[in-house]
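Structure provided below as structure tokens; questions to follow.
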Amino acid sequence: MTASSVIAPTVADPVTTVPALDIRHLTVHYRQNEALHDVSVTINVGEQVAIVGPNGAGKSTLLKAIAGLQPITSGEIRYFGQERVAPNEIAYVPQRLQIDWRFPVSVSDVVLMGRVGRIGLFRRPSQHDRQLAQRALERVGLAAFANRQIGQLSGGQQQRVFLARALAQEARLLLMDEPLVGLDIPSQDEIFRTLATLRQEGVTVLTALHDLQQAARYFDRVMLLNRSLIACAPARAAFTAAHLVATYGGHLHLLQSGDGLLTVADSCCNPDPDGGL
Ligand code: ADP
Ligand code: MG
């Protein structure tokens with residue numbers, strides 16, 4: 001037998017085979033209203049997953065439950081194989097509407113806040129913390145804005161400040177709720193470039209999105225959610241007609257696009273009934 005025919009047994013590496021998130025039978029209620037029903041899914045370390053679904057599908061609720069901000073009715077969420085996760089390991093970026101942008105803090109302060117979990121609330125940030133914050137701002141292309149008030153930045157720049165905070169925090173899991181809403185195309189591109197940076201760092205990313213094309217193009221898998229989990233798969237397997245109908249129901253419009261992907265739009269907000277998409 002030649003040496004090359006000897007195949008070493010594959011030893012499972014416990015570090016890489018433990019998923020970043022293991023969600024089992026997650027159900028969440030707001031009073032009697034069931035926002036999430038029996039959701040089970042695993043997300044691997046370093047994966048970037050888009051969550052799509054109609055308004056009220058439970059996207060924000062899922063992100064908040066993972067972030068530990070929303071009590072769950074039943075089920076469990078395990079983080080990197082553990083029941084609990086240190087707060088600094090998760091970075092949660094809420095929808096822009098939920099943030100008071102008049103809050104008088106500088107860009108570098110916001111990024112430094114990402115270090116609080118590491119340095120403790122009442123300790124002063126060290127030179128090392130400041131360097132990490134500065135480097136994070138450089139990586140999202142905002143080093144020149146460090147001393148600006150956060151409220152003076154554009155929407156896209158503000159989102160990138162929060163991505164810089166996640167980088168400075170050295171978070172292993174980034175949760176973002178509709179980060180592209182209200183952003184122009186160049187600002188959206190900047191966000192995707194920053195996500196590519198996070199990919200190199202092995203950060204696991206879960207992002208609620210509206211645009212299915214972007215979900216297909218930039219993310220490893222797409223999670224289709226409509227209170228229940230419809231699918232969580234690479235775009236081609238996720239965007240089947242059956243999955244899209246189950247997710248979007250009556251609001252569905254299907255198109256066969258150039259590369260064969262089905263496209264969907266929610267017609268709820270189109271004032272012109274004959275206006276098509
Ligand atoms: P999505 O982000 O997909 O639009 P949400 O997670 O915000 O969906 O909402 C899911 C469901 O839970 C909706 O029916 C919504 O009305 C309800 N809901 C969300 N937040 C609250 C809340 N704070 N109190 C009561 N009901 C809520
Ligand atoms: Mg939402």
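What FRET efficiency do you get for Arg84 and Arg24 if R0 is 25 Å and r is their Cβ-Cβ distance, rounded to the nearest 0.05?
With R0 = 25 Å, the Cβ-Cβ based efficiency is 0.95.
Roughly what would the spin-label model give for Glu138 and Asp100, points 7 Å off Cα along C-beta, in nm?
For the pair Glu138/Asp100, the computed spacing is 3.5 nm.
Calculate, in nm to one decimal, what Ser154 and Gln131 gain on full extension: separation in residues at 0.36 nm each, minus their alpha carbon distance.
Length gained between Ser154 and Gln131: 5.9 nm.
Still on this model: Ignoring any ligand, DNA or RNA, what whole percent of the accessible area of the stretch 20-112 comes from carbon and sulfur when the probe is 1.4 angstrom?
Its accessible area is 48 percent carbon and sulfur atoms.
Write down the accessible area per residue of the stretch 89-169 in Å², having rolled a 1.4 Å probe over the full set of protein chains.
Details: 4230 Å² over 81 residues.
I get 52 Å² per residue for the stretch 89-169.
If you don't mind, there's one more thing I want to ask. Explain nothing, just compute: Karplus ³J(HN,Hα) = 6.51 cos²θ - 1.76 cosθ + 1.60, θ = phi - 60°, for every residue of the stretch 179-191 in order, whole Hz, x for Gly and Pro.
Taking θ as phi minus 60°, the curve returns x, 9, 4, x, 9, 6, 4, x, 5, 4, 4, 4, 4 Hz for the stretch 179-191.
The values are calculated or read from the model by the stated rules, or taken from the named source; none is laboratory data. Note that the structure is a prediction, hence the values are computed from the model and not measured. Cβ sites come from the backbone with ideal geometry, for glycine too, and all protein chains shown count toward neighbours. Just so you know, the surface numbers come from the protein's heavy atoms only, side chains and all, with ligands and any DNA or RNA stripped out. Shrake-Rupley method; radii C 1.70, N 1.55, O 1.52, S 1.80 Å.
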